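These notes concern the structure reproduced below.
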Amino acid sequence: MSSLENMKNIKDNQCAVDVLLKEVSGHVCKNCGKCVFGYEGITQLEMILGAIVEKKGRSNDLALMRELCGYMKTQSMCDDGKDIAEAADYLFENYQKDFEDHISKRACRAGVCKKFMTYHILPDKCTGCTDCIDACDEDAILGKKRFIHVIDQDECIQCGQCVEACDEDAIVIAGAEKPRCPRKPIPCRR
């Protein structure tokens, strides 16, 4: 199956950026080296897409990838290089908002890209037991006994230890839609 055919079968629970990165990372041009535009093109695409899924995307990345794919389609010596460039162009055209959201809004619609996921403590479930605070090696959770705890998103490294420590199922992982949580610890109502 060609790369383009794979791109046309993206489901709602899949992320176009992630799908393209996986396709590029495993593509035959990556190990070929017969032509500069196939080998270098695939290498550059992988680097740019890797930065985007790591929340390091820049505003000109989409234009840069489109330009790169244009060169790959006309200059690659084999059909493999042209195929991946056409597949990437298809995604840029049909899933442009997903790429733009990753770059500018730092959000993944499908909730697939781990760096875009955040951990939150639900105020209606938190009992203020401090188990999550004890489990967090990064001191990213604020609170004390009988207070609803809050996760400092700047300090959280998304290790998931707090989720495992919470017996109340009060800690959730959120993608584009975040739950309403207090900004600082407040007394528990329970």
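The values are calculated or read from the model by the stated rules, or taken from the named source; none is laboratory data. Owing to the predicted nature of the structure, the values given are computational and were not obtained by experimental measurement. Note: ideal-geometry Cβ built from the backbone for every residue, glycine included; neighbour counts use all protein chains shown. Ligands, DNA and RNA are stripped out before the accessible areas are found, and what is left, the full protein with its side chains, is counted by its heavy atoms. Shrake-Rupley method; radii C 1.70, N 1.55, O 1.52, S 1.80 Å.
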- [ ] Find all pairs meeting these conditions: Cβ atoms under 8 angstrom apart; at least six residues apart or on different chains; first residue within the range 129-151 and touching a residue at least 40 places away in the same chain (Cβ under 8 Å) and open to solvent by less than 60 Å² (accessible area, probe 1.4 Å); second residue part of a helix (DSSP H, G or I) and not hydroxyl-bearing (S, T, Y).
- [x] G143/I133
Open item on the list: For the range 1-55, give me every one of the helices (runs of 4 or more DSSP H) that falls completely inside it and has 3 or more residues that are within 16 Å of the chain's Cα centre (by Cα) and either surrounded by 18 or more Cβ atoms within 10 Å (Cβ to Cβ) or modelled with pLDDT of 90 or more (or both).
Closed with: 16-25, 36-53
- [ ] Take K105 and decide whether it is out of contact with any Pro (no Cβ under 7 Å at 6 or more places or on another chain), open to solvent by 80 Å² or more (accessible area, probe 1.4 Å), farther than 17 Å from N13 by Cα and modelled with pLDDT under 95.
- [x] yes
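Quick check on Y71: is it in contact with a Leu (Cβ under 7 Å, 6 or more places away or on another chain), of a type in the set (S, T, Y) and open to solvent by 30 Å² or more (accessible area, probe 1.4 Å)?
Details: in contact with a Leu (Cβ under 7 Å, 6 or more places away or on another chain): no; of a type in the set (S, T, Y): yes; open to solvent by 30 Å² or more (accessible area, probe 1.4 Å): yes.
The answer is no for Y71.
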- [ ] Select from the range 153-168 the residues that are in a helix (DSSP H, G or I) and within 16 Å of T118 (Cβ to Cβ) and list them in ascending order.
- [x] Q161, C162, V163
- [ ] Return the pairs, sorted by first residue and then second, in which the second residue is assigned to a loop (DSSP other than H, G, I, E, B), the first residue lies in the range 74-85 and is without any contact (Cβ under 8 Å) to a residue 12 or more places away in the chain, the beta carbons are less than 8 Å apart, and the residues are 6+ apart or on different chains.
- [x] K82/S76
Open item on the list: Looking at (1) under 28 Å from I151 (Cβ atoms); (2) part of a helix (DSSP H, G or I); (3) modelled with pLDDT of 90 or more, which one does E93 not meet, given that it meets all the others?
Closed with: (1)
Open item on the list: Among the residues in the range 59-74, are any farther than 24 Å from K115 by Cα and touching a Cys at 6+ places or on another chain (Cβ under 9 Å)?
Closed with: yes
Task: Residue within the range 166-178 that is without any contact (Cβ under 8 Å) to a residue 12 or more places away in the chain, out of contact with any Lys or Arg (no Cβ under 8 Å at 6 or more places or on another chain), surrounded by fewer than 15 Cβ atoms within 10 Å (Cβ to Cβ) and more than 20 Å from G57 (Cβ to Cβ) present - done: yes
Open item on the list: Just to be sure before I move on: is I121 crowded, with 18+ Cβ neighbours inside 10 Å, in contact (Cβ under 8 Å) with a residue 12 or more places away in the chain and in contact with a strand residue (DSSP E or B) (Cβ under 6 Å, 6 or more places away or on another chain) in the structure I sent?
Closed with: yes
